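To start, the structure under review is shown below, and the notes come after it.
The values are calculated or read from the model by the stated rules, or taken from the named source; none is laboratory data. Computed from a prediction, not measured in an experiment: that's the story for all the values here. Cβ: placed from backbone, ideal geometry, glycine included. Neighbour counts: every protein chain shown. Ligands, DNA and RNA are excluded from the accessible area calculation, which covers all protein heavy atoms including side chains. Shrake-Rupley method; radii C 1.70, N 1.55, O 1.52, S 1.80 Å.
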Amino acid sequence: RPSAGKGFGVFATKLITRGTQIIVEEPLVSVAMPEMVAGQGFKIMDMLSDLETEFQALSPEQQADFLQLHDFRFASEDKQSHLLTIFRSNAFNTGDKHVGLFPKIARINHSCRPNSGNWWSKKHGHRVIYAALDIQEGEEITVSYIPLLKKSSERQQRLGQYGFTCDCPACQSEAGESDKRRIKIARLLETLEQSVYHPSKKAATNEKSIDKALSLIEMIEEEGLAD
C-alpha cells in the first residue's frame, strides 16, 4: 500500500511519454455544489439527498464500483452515510458548480511532486489525466489532490481529509528546502500575474518581469513541479 495515497495505486505497464493522455473518464455521478458559506466553504451534508438519488440511478455494477472506492471516515463519523464519505474521499470538482466521482481516476494516488496532471473538459464533460513527465515502465502514476504551493505541514493538514500522510520526497528529508522554494514560487507567480493584468509601458519594468519569469522556471524545474 503506497503511503502517499489512498491505497489503490495505478502503475505504467510501458513508457508513457510526456503529454500522453492516460485516462479520459466521465463522472459516474455528479452532484451540484452546495452554496458556499464565507470562511467555511460548503456543507458536504447538503449533498447527501442528491447523491442518494444519483446512486439509485446507477446499475448494480456501477454501484459496486462506487462502493469499492476508498472510504475514509473521521472518528466522529461512525453513523455517517458511506455514500457521502466515499464521495468526499474520492471526488473532483467538475467545473465551478458540480462535484463528480470518477472511479478509475480515484484509484490514482497522490504525490506532492506528481508525474501527471489533470483537467476538466467542460466541452466534452470528462476529466483527463495526462503525463506531465515521461513516466517509466513500472513507475506509479500520481496526481495531486490539493494545491501544491504550500508548506509541507499545510499540505499534510489538507490531506487529512483523505486519511493518509504523504511521504513523498518533498514531504520528507527535502521538506525544508522544498517549502522555501514553493513559497518563493507562489510569490513570484502572484507578482507575475499582476504584471499580466496591469502591464507596464516601461522597458526596465518589463525586463525585471522577464528575469522573474526565468527565475520562476528555474525554481519550478528544481522543485520538480511539472503540472
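Before we move on, is Ile44 modelled with pLDDT of 95 or more, within 29 Å of Ser152 (Cα to Cα) and open to solvent by less than 70 Å² (accessible area, probe 1.4 Å)?
Considered against the rule, which asks whether it is modelled with pLDDT of 95 or more, within 29 Å of Ser152 (Cα to Cα) and open to solvent by less than 70 Å² (accessible area, probe 1.4 Å), Ile44 comes out as no.
Set side by side, the residues Glu52, Glu77 differ, and just one is of a type outside the set (A, V, I, L, M), at pLDDT 95 or above and surrounded by 11 or more Cβ atoms within 10 Å (Cβ to Cβ), which is Glu52.
When you go through Leu133, Leu148 one by one, which is the residue that is over 15 Å from the mean Cα position of the chain (by Cα), within 30 Å of Lys104 (Cα to Cα), crowded, with 18+ Cβ neighbours inside 10 Å and touching a residue at least 12 places away in the same chain (Cβ under 8 Å)? Walk me through how you get there before you give the answer.
Numbers: Leu148 fails: over 15 Å from the mean Cα position of the chain (by Cα).
Residue meeting the stated conditions: Leu133.
Can you tell me which of (1) within 29 Å of Tyr130 (Cβ to Cβ); (2) open to solvent by less than 30 Å² (accessible area, probe 1.4 Å); (3) touching a helix residue (DSSP H, G or I) at 6+ places or on another chain (Cβ under 9 Å) is the one Gly100 doesn't meet? If we test Gly100 against (1) within 29 Å of Tyr130 (Cβ to Cβ); (2) open to solvent by less than 30 Å² (accessible area, probe 1.4 Å); (3) touching a helix residue (DSSP H, G or I) at 6+ places or on another chain (Cβ under 9 Å), just (3) comes out false. Scanning for something surrounded by 12 or more Cβ atoms within 10 Å (Cβ to Cβ), among the hydroxyl-bearing types (Ser, Thr, Tyr) and out of contact with any His (no Cβ under 6 Å at 6 or more places or on another chain), does the stretch 153-165 turn up at least one residue? Yes, the stretch 153-165 contains a residue that is surrounded by 12 or more Cβ atoms within 10 Å (Cβ to Cβ), among the hydroxyl-bearing types (Ser, Thr, Tyr) and out of contact with any His (no Cβ under 6 Å at 6 or more places or on another chain). Scanning the stretch 178-227 for residues that are open to solvent by 70 Å² or more (accessible area, probe 1.4 Å), farther than 27 Å from Ser111 by Cβ and touching a residue at least 12 places away in the same chain (Cβ under 8 Å) gives a single hit, Lys212.
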